[in-house]
Amino acid sequence: MSRCMPSAPTSTGLVLFPAFDWCISPTHPEREERLLYTKDQLIEEGLEDVNNISFFNPEIAAHHDIDRVHLCVPSSRKLLTESHLISAGGAIRAARAVMEREVEKAFAVVRPPGHHAMQTVFGDRGFCIVNIEAIMVEYIRRHYGIRKIAIVDTDCHHGDGTQDIFYNDPDTLFISLHQDGRTLYPGSGFLHESGGPSAPGYTINLPLPPETSEEGFDMAMERAIMPILDAFEPELIINSAGQDNHYTDPITNMNFTAQGYARLNRRLNPDICVLEGGYSIEGALPYTNLGIILAMAGLDTSHVREPDYDPANFVQPPEMNSYIGELCDQAVALFAGREQLRREQAEQGVVTTDKRIYYDTTGFDVRESRSYHLCPHCPGFTEITAAGLDRQVHAFSIPFNACPRCHTRAKDRFQKSSGDGHSQVVLQDRIDDLYELK
Ligand SMILES: [Zn+2]
Ligand SMILES: [Zn+2]
């Protein structure tokens, strides 16, 4: 398959970290050889010799980078392995390559993945422990002063962790398209989950029916995602590039293809891609990853086809098209009404929500309560209490875009709170870039 390749029109960086020494268990879908065939395919395609495609080594993320985003209980040092720090560091390296103009675009082909990891972390859920995109986003904000960022999650599973982390942030537009949560883990990701009181309409979920194929994804792109992105005008677009929508994926029920992924990527035109799921190790990942990379680099993707690819297998019934079309119209309407909704909700002062977070890997529940302290001038600060196993955290989280008054109010509350043997009290201050514990 090796061929004489032209120089890539768009300079593209790749960070490859297969984490060959880390797995959940030897038979688990998230295991060491997940990226083995992808690596072979990239070499076979001759990508290392293409002008304008560069390979970068991942860095090791600092615990400080993790703590800027997460509230790890008991601590990030106790919960994470070195592989997690390298996976997050791989995403950071990809971002740095783009922000420092070493390349125009970059793709972090790394594992373990991250998009099911929420702000509070008590362990693994959905194969994820820390959210590598979120860690990268806050790193970018801290180091390069970028404000408006869009994350488009194209993994087959709802990106519930990323949604959770940015739920009340109107400077982060989070769009997730995924298999309908009534039919797949984690069971969430419906249109009505549309953002916290300071960011209503800034979370957009597009739950697609099982068996959605290229046509349905194209439709979601053209009728919802692209118009919403254009209206948001992000400074940076990030693709959480999960590839388990593929028709050969063993743990999902979609009908997407390598051609479809390549086209989606060309249209989305993300600055940075970060690999998420994808468990068809031989049948999908080598093709989907290659298609995405070539599309990012502006190279021809017409030859990237699975050996058994036949477009006739992927025709959608008309009722599926009308269902997806309606969903797109509702999503666009939701986003269009965001400012009106936000003005109405800001009046409420403090809004408290409760949820139960299930950790499927080892099987336990965390009860979490979140109080949004709202403000007419900024998204406000968030007070979180969470308890699970025999641990508890009580945190004050200050977003990077809080106003000086909310910054001071949150710090005062932290000073006045006291911990005990079971509960740790945390100040997560993204303005002063501090993480304090007592
Ligand atoms: Zn997935
Ligand atoms: Zn404020």
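Screening Gly90, Gly114 for residues that are in the same structural domain as Asp153 (by TED's automatic domain parsing) and assigned to a helix (DSSP H, G or I) leaves exactly one candidate, Gly90. Answer yes or no: is there a residue in the stretch 80-87 that is within 28 Å of Asp300 (Cα to Cα), surrounded by fewer than 21 Cβ atoms within 10 Å (Cβ to Cβ) and assigned by TED's automatic domain parsing to the domain that holds His303. Taking every residue of the stretch 80-87 in turn, none turns out to be within 28 Å of Asp300 (Cα to Cα), surrounded by fewer than 21 Cβ atoms within 10 Å (Cβ to Cβ) and assigned by TED's automatic domain parsing to the domain that holds His303. Checking the structure you have, find out if any residue of the stretch 164-174 is under 18 Å from Val130 (Cβ atoms), assigned to a helix (DSSP H, G or I) and open to solvent by less than 10 Å² (accessible area, probe 1.4 Å). The answer is yes; a qualifying residue exists. Do you know which residues across the stretch 344-357 are in contact with an Asp or Glu (Cβ under 7 Å, 6 or more places away or on another chain) and open to solvent by less than 100 Å² (accessible area, probe 1.4 Å)? Across the stretch 344-357, the qualifying residues are Lys355, Ile357.
Are any of the residues in the stretch 62-72 open to solvent by 30 Å² or more (accessible area, probe 1.4 Å), part of a helix (DSSP H, G or I) and touching a residue at least 24 places away in the same chain (Cβ under 8 Å)? Yes, there is a match, as at least one residue in the stretch 62-72 is open to solvent by 30 Å² or more (accessible area, probe 1.4 Å), part of a helix (DSSP H, G or I) and touching a residue at least 24 places away in the same chain (Cβ under 8 Å). Scanning the stretch 366-423 for residues that are within 14 Å of ligand 2 (Cβ to nearest atom), surrounded by 17 or more Cβ atoms within 10 Å (Cβ to Cβ) and among the polar types (S, T, N, Q) turns up Thr382, Ser397, Asn401. Do we find that Tyr261 is in the same structural domain as His84 (by TED's automatic domain parsing) and under 30 Å from Phe55 (Cβ atoms) in this structure? In short, yes. Checking each residue in the stretch 157-204 for being out of contact with any helix residue (DSSP H, G or I) (no Cβ under 9 Å at 6 or more places or on another chain), among the polar types (S, T, N, Q) and more than 16 Å from ligand 1 (Cβ to nearest atom) picks out only Asn168. Scanning the stretch 25-55 for residues that are closer than 19 Å to Pro113 by Cβ and open to solvent by 10 Å² or more (accessible area, probe 1.4 Å) returns Ser25, Pro26, Thr27, His28, Pro29, Arg31, Glu32, Glu33, Leu36, Tyr37, Lys39. Within the stretch 338-352, the set of residues being at pLDDT 95 or above and under 17 Å from Thr203 (Cα atoms) comprises Arg338 only.
The values are calculated or read from the model by the stated rules, or taken from the named source; none is laboratory data. Just so you know, these numbers come straight off a predicted model, no measurement behind them. Virtual Cβ from ideal backbone geometry, glycine too; neighbours counted across all protein chains shown. What goes into the accessible areas is simple: the full protein's heavy atoms, side chains included, and nothing from ligands, DNA or RNA. Shrake-Rupley method; radii C 1.70, N 1.55, O 1.52, S 1.80 Å.
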